[in-house]
Amino acid sequence: MSRGSVPRVRRADGSAGDVDYHVIGSGYSDYRRPDPEIAAVLHDALGAATTVLNVGAGAGSYEPTDRQVTAVEPAASMRAQRPADRPPALDATAEDLPFADGAFDAAMAVQTVHQWTDLARGLAELRRVTRGPVAVLTSDPVLLPRFWLNRYAPEAIDVEARRDPPLDAITAGLGGRCTVTPVPIPLHCVDGFCEAYYGRPERLLDPGARRAMSTWTFVPPAVHERFEHDLGRDLAEGRWDADHGHLRTQAHFLGSLVMVVSHRP
């Protein structure tokens, strides 16, 4: 089994990866909302597509509203959080998509490939059912340690670096002509992944915010406690601002977030 793949198992609510979204997914949509700037990058990557497949769709973040979207999501707890104006998601996994070859103009996969049980098979399935571009928003594991969180909770960074598949594994799995583009993270990003709080460190002291990030479910309670203590102390004493205070007004952060787009040859 390659890096980026986890044991093939489906949990009680259908979660197919290494995280049980029945446990962490209840408040997910309170913290994880589509950020307009990131959405614009994704929607540009989809080109002129009319029909779009969204795999690992979750609660529907980043789905374009001006196109015909078909959503696939194995976790019942996430399907239940989809807004009423979005199409219901099909209960299926990336590795076994129930669609004909070339069924869609484009496909998207947003912060989900690290959850797939068989990365190569899932990417091959995406490519099989898509005539045009396949857009994958993911994190480059090589770039994760540049985030200041590495100072306070290196365990969280290490976990994420192990879970996120290498970019060359993604491009190889998709095939075709691939581009990899860094995605700037805006200061007031409303999609609450870790790096979204690069200039708002206090937000990461909220246990609910951390519960909305699958990475933190792999970190022992003692690490959470140490993180809260050390970051809280450094914020109160001004140490964090002495080292990183410029981030509070920095409009964008180039972290690990990247857009991988595959076009057929």
Exactly one of (1) part of a helix (DSSP H, G or I); (2) touching a Gly at 6+ places or on another chain (Cβ under 7 Å); (3) at pLDDT 95 or above is unmet by D168. Its number?
(2)
Is it the case, given these coordinates, that E202 is farther than 30 Å from H263 by Cβ, touching a Leu at 6+ places or on another chain (Cβ under 8 Å) and among the charged types (D, E, K, R)?
yes
Looking at P74, P7, can you tell me which residue is crowded, with 22+ Cβ neighbours inside 10 Å, modelled with pLDDT under 95 and over 30 Å from R200 (Cα atoms)?
P74
Report, ordered by the first and then the second residue, all pairs with beta carbons closer than 9 Å, sequence separation of six or more or different chains, a first member in the range 212-228 that is under 20 Å from D164 (Cβ atoms) and in contact (Cβ under 8 Å) with a residue 12 or more places away in the chain, and a second member that is of a type in the set (K, R) and not in a helix (DSSP H, G or I).
A212/R32; M213/R32
Only one of A16, A49 is closer than 18 Å to V136 by Cβ, assigned to a loop (DSSP other than H, G, I, E, B) and modelled with pLDDT under 90, namely A16
Mind listing whichever residues of the range 112-125 are surrounded by 24 or more Cβ atoms within 10 Å (Cβ to Cβ) and aliphatic (A, V, I, L, M)?
V113, L119, L123
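Yes/no per residue for (1) over 24 Å from L42 (Cβ atoms); (2) surrounded by fewer than 23 Cβ atoms within 10 Å (Cβ to Cβ); (3) touching a Pro at 6+ places or on another chain (Cβ under 8 Å); (4) in contact (Cβ under 8 Å) with a residue 60 or more places away in the chain:
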site	(1), (2), (3), (4)
G102	no, yes, no, no
D105	no, yes, no, no
V129	no, yes, no, yes
V136	no, no, no, yes
S139	no, no, no, yes
Answer yes or no as to whether R203 is assigned to a helix (DSSP H, G or I), within 15 Å of the chain's Cα centre (by Cα) and either more than 28 Å from L126 (Cα to Cα) or modelled with pLDDT under 95 (or both).
no
With respect to the numbered conditions (1) at pLDDT 95 or above; (2) surrounded by 14 or more Cβ atoms within 10 Å (Cβ to Cβ), which one is the sole condition not fulfilled by R177?
(2)
Among the candidates V260, V223, V183, which residue alone is out of contact with any Ser or Thr (no Cβ under 9 Å at 6 or more places or on another chain), within 20 Å of Y62 (Cα to Cα) and at pLDDT 95 or above?
V183
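The values are calculated or read from the model by the stated rules, or taken from the named source; none is laboratory data. Only a predicted model underlies this, so the values are computations on that prediction, with no experimental measurement involved. Cβ atoms come from the backbone with ideal geometry, glycine included; neighbour counts cover every protein chain shown.
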